[in-house]
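Novice: Have a look at this one before I ask anything.
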């Protein structure tokens with residue numbers, strides 16, 4: 001088990017903006033940073049990172065937390081694995097309370113597939129550099145392609161020998177599980193090596209872990225497939241992987257553009273030529289998952305394809321998916337017979353970059369031009385081409401962008417804007433109708449929503465759930481406000497004696513705990529009291545990393561806001577009558593507590609008043625009645641004093 005000290009070291013050192021910046025493109029907005037959420041598809045960034053609070057929050061899907069939680073959710077790993085991941089990134093030594101043997105055993109169980117792949121990578125790279133067959137065949141091939149040794153080592157290229165089962169035997173000798181070898185596609189069902197007599201390309205995930213391999217034959221035998229790949233496994237989903245992304249992500253964010261090519265060698269050659277914002281789809285049509293990976297880092301994508309018929313068709317296949325993802329897409333077709341690898345090698349980096357700039361074409365305009373060229377002015381073929389283009393324009397999410405496409409494509413198609421716009425709207429309405437029908441089927445609705453008045457679609461009436469109605473009735477808002485201040489400012493000093501704000505609030509709330517309506521808020525007060533008793537201190541990180549999921553989620557929500565304060569200081573404007581909002585915690589805490597006390601006081605007054613009103617003649621003569629009458633007078637006085645302090649009118 002990882003010690004609490006190590007966990008605390010990781011949480012203190014792992015800056016949320018640095019950790020998340022490894023995975024998505026963040027840009028500054030005031031004191032915070034924003035980007036496209038990696039957990040759901042979105043057109044407008046709603047993912048906010050707060051460096052000062054060391055948390056993130058998506059106001060679209062609700063995901064939020066600290067750097068440890070981000071790695072857990074993004075990499076789909078456990079809390080201990082996330083701590084290990086970040087400890088490795090920041091070179092933090094992990095202290096554990098269990099024996100080393102148990103640690104190794106646990107790690108083998110948890111990370112066994114990754115460990116097997118790392119072993120295979122080391123085997124293939126060692127063979128390439130240190131075995132005669134590897135050096136004479138594999139290393140010679142890579143050097144003939146122009147790859148320098150530093151590049152070969154960077155991309156962890158290797159070689160698999162002709163031996164039938166050399167690797168498998170070596171892995172079994174090292175006590176690796178044969179089932180793991182089979183599931184990763186390194187060993188066949190007959191216990192023979194899957195990769196033989198091939199140069200090897202190591203495939204990494206976005207975090208740099210080895211997840212798969214691709215092997216290229218150097219044989220001229222046409223019966224041999226040119227490339228063979230690892231099968232899909234628990235750690236490898238081909239549709240959700242882009243070759244080279246681990247090495248390209250920083251450059252993609254810096255250039256704010258991703259260059260997409262087809263092959264492994266294309267990526268390696270461009271990287272070596274100092275064009276590093278490049279990845280490959282590994283010969284497959286671009287998938288939605290791959291587009292999502294790119295969108296985390298940039299909205300701009302430039303696709304380079306070979307300038308032959310196959311290249312053109314490949315470009316068109318991925319178009320609609322890219323448009324649906326609201327990406328800005330350019331296409332560059334290379335001269336016939338050229339690919340990025342050969343073109344860069346023959347022309348050099350500067351000439352290659354100049355060619356890309358001079359020959360890039362908007363993807364949708366490219367499709368329009370290509371389809372029109374294929375019609376040869378045949379009315380029927382042109383009609384079909386226009387329908388295809390209309391379908392693609394309708395995939396564009398942003399209204400202004402779609403309008404501009406309609407305007408320019410109308411000229412290219414020799415149609416009026418009105419006609420083209422009408423056809424696009426028909427496709428949009430049909431798509432909306434199908435979506436509503438599907439939603440109705442999933443929700444089991446009896447009346448189809450597409451049959452309702454259009455005004456009802458555009459302006460739905462707000463409704464409250466049963467839980468929300470209950471919250472309006474009770475004191476939840478006041479209780480939430482108190483807990484929110486506690487989470488955000490509990491570590492601040494409240495008075496001249498150095499008392500923490502958290503301690504003052506907990507002491508004040510002690511007498512009100514039994515009257516709390518919401519169990520979560522009562523729990524937050526309780527855990528705060530326990531923490532202060534044990535540690536004599538408190539911080540926002542205590543709540544955002546709390547093991548209780550309810551407490552953690554509340555803290556992230558309470559510490560996050562979709563809004564930011566204007567930087568008045570830069571405008572040379574200062575507040576004259578009050579402190580800046582983040583400096584008003586003493587006043588805010590005091591007033592929030594008084595409001596809560598006022599609400600609870602009114603509740604008790606109603607209860608006492610109800611008893612007095614219902615008392616019969618005999619009860620009115622009792623001692624209990626008189627005592628309640630005196631209590632009511634005291635409560636009314638306290639209520640009026642609180643109301644006066646708050647400037648509130650009581651009824």
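Each value in this text was obtained by applying a stated rule to the coordinates, not by laboratory testing. Everything numeric here is computed off the predicted structure, so don't read it as measured data. Cβ coordinates were reconstructed from backbone atoms using ideal geometry, including for glycine residues, and neighbour counts include every protein chain displayed.
Novice: Give the separation of the Cα centroids, the range 598-651 to the range 131-183, in Å.
Specialist: Using only Cα atoms, the two centres lie 84 Å from each other.
Novice: Okay, moving on. What value, in deg cm²/dmol to 500, does the helix sum -39500 (n - 2.57) over DSSP H runs of n ≥ 4 give at 222 nm once divided by the residues of the chain?
Specialist: -16500 deg cm²/dmol
Novice: Just need the relative contact order of the chain here, percent rounded to a whole number, with Cα pairs under 8 Å and 6+ apart. Walk me through the intermediate numbers first.
Specialist: Details: 828 pairs, mean separation 58.3, N = 651.
Relative CO of the chain lands at 9 percent.
Novice: Nearest 10 degrees, 0 to 90: what angle lies between the long axis of helix 379-393 and the longest principal axis of the chain (Cα atoms)?
Specialist: Once rounded, the angle reads 40 degrees.
Novice: In addition: By how many nm would the segment from residue 604 to residue 493 grow when fully extended, if each residue of separation counts as 0.36 nm and the alpha-carbon distance is taken off?
Specialist: My answer for the length gained is 36.7 nm.
Novice: Take each of the peptides 158-166, 4-12, average the number of other beta-carbon atoms within 10 Å over its residues, and list them starting from the highest.
Specialist: Listed from highest to lowest mean packing, they are 158-166, 4-12.
Novice: Using label points projected 7 Å from each Cα along Cα→Cβ, tell me how many nm separate residue 163 and residue 289, to one decimal.
Specialist: Modelled inter-label distance: 3.4 nm.
Novice: Expected output is a single nm value to one decimal: the length gained when fully extending between residue 93 and residue 549, i.e. 0.36 nm times separation in residues minus the C-alpha distance. What is it?
Specialist: Extra length from residue 93 to residue 549 when fully extended: 161.4 nm.
Novice: If you take the square roots of the eigenvalues of the alpha-carbon gyration tensor of the range 111-236 and sort them as a ≥ b ≥ c, do you get rounded (a/c under 1.5), prolate (a/b over b/c) or oblate?
Specialist: Prolate is the answer for the range 111-236, as a/c is 1.5 or above and a/b outweighs b/c.
Novice: I've got another one for you. By its C-alpha gyration tensor, with a ≥ b ≥ c as the square roots of the eigenvalues, how is the range 204-266 shaped: rounded for a/c under 1.5, else prolate for a/b larger than b/c, else oblate?
Specialist: In terms of gyration-tensor shape, oblate.
Novice: Suppose each label sits 7 Å from its Cα in the direction of the beta carbon; what would the residue 535-residue 398 distance come out to in nanometres?
Specialist: Label-label distance for residue 535 and residue 398, simple model: 4.4 nm.
Novice: How do the peptides 183-195, 256-268 rank, highest first, by the average count of neighbouring beta carbon atoms within 10 Å per residue?
Specialist: Working: 183-195: 18.2, 256-268: 23.3.
By packing density, highest mean first, the sequence is 256-268, 183-195.
Novice: Here's a follow-up. Among [x] 25.8, 84; [y] 32.4, 111; [z] 38.3, 157, which is the computed Rg and Dmax of the Cα atoms in Å?
Specialist: Here Rg and Dmax of the Cα atoms in Å agrees with entry [y].
Novice: May I ask you to sort 181, 384 by Cβ crowding, counting other Cβ atoms within 10 Å and putting the fewest first? Could you put the intermediate results ahead of the total?
Specialist: Numbers: 181 23, 384 14.
Going from least to most buried by this count: 384, 181.
Novice: Within the chain, what percent of beta bridges assigned by DSSP are antiparallel, to the nearest 5?
Specialist: 75
Novice: Relative contact order for the range 4-108: what percent, with Cα pairs under 8 Å and sequence separation of 6 or more? Please list the in-between numbers first.
Specialist: On the way: 130 pairs, mean separation 24.4, N = 105.
Relative contact order of the range 4-108: 23 percent.
Novice: Can you give the FRET efficiency to the nearest 0.05 for residue 75 and residue 174, using r as the Cβ-Cβ distance and R₀ = 45 Å?
Specialist: Between residue 75 and residue 174 the formula returns 0.95.
Novice: I would also like to ask the following. Estimate the FRET efficiency between residue 219 and residue 428 by the formula 1/(1 + (r/R0)^6), using the beta-carbon distance for r and 56 Å for R0, to the nearest 0.05.
Specialist: 0.60
Novice: Here's another thing I want to ask about it. What distance in nm separates the simple spin-label points at residue 153 and residue 514, each placed 7 Å from Cα in the Cβ direction?
Specialist: Once both label points are built, they end up 7.3 nm from each other.
Novice: Next up: Taking the mean number of other Cβ atoms within 10 Å as a proxy for protection, how do you rank 226-238, 290-302 from highest to lowest?
Specialist: Per-residue Cβ counts within 10 Å, averaged per peptide and sorted highest first, yield 290-302, 226-238.
Novice: Still on this structure: Using the count of nearby Cβ atoms within 10 Å as a rough guide to exposure, how do 37, 483 rank from fewest to most?
Specialist: With the fewest neighbours first, 37, 483 line up as 37, 483.
Novice: On full extension of the chain, what length is gained from residue 374 through residue 191, given 0.36 nm per residue of separation minus the C-alpha to C-alpha distance? Don't skip to the end; give the middle numbers.
Specialist: Numbers: separation 183, 0.36 × 183 = 65.88 nm, distance 5.14 nm.
Residue separation times 0.36 nm, minus the Cα-Cα distance, leaves 60.7 nm.
Novice: A further question follows. Rounded, prolate or oblate: pick one for the range 161-214, where a ≥ b ≥ c are the square roots of the eigenvalues of its C-alpha gyration tensor, a/c under 1.5 means rounded, and failing that, prolate if a/b is larger than b/c, else oblate.
Specialist: oblate
Novice: So for the range 248-413: antiparallel DSSP bridges make up what percent, rounded to the nearest 5?
Specialist: The answer is about 15 percent antiparallel.
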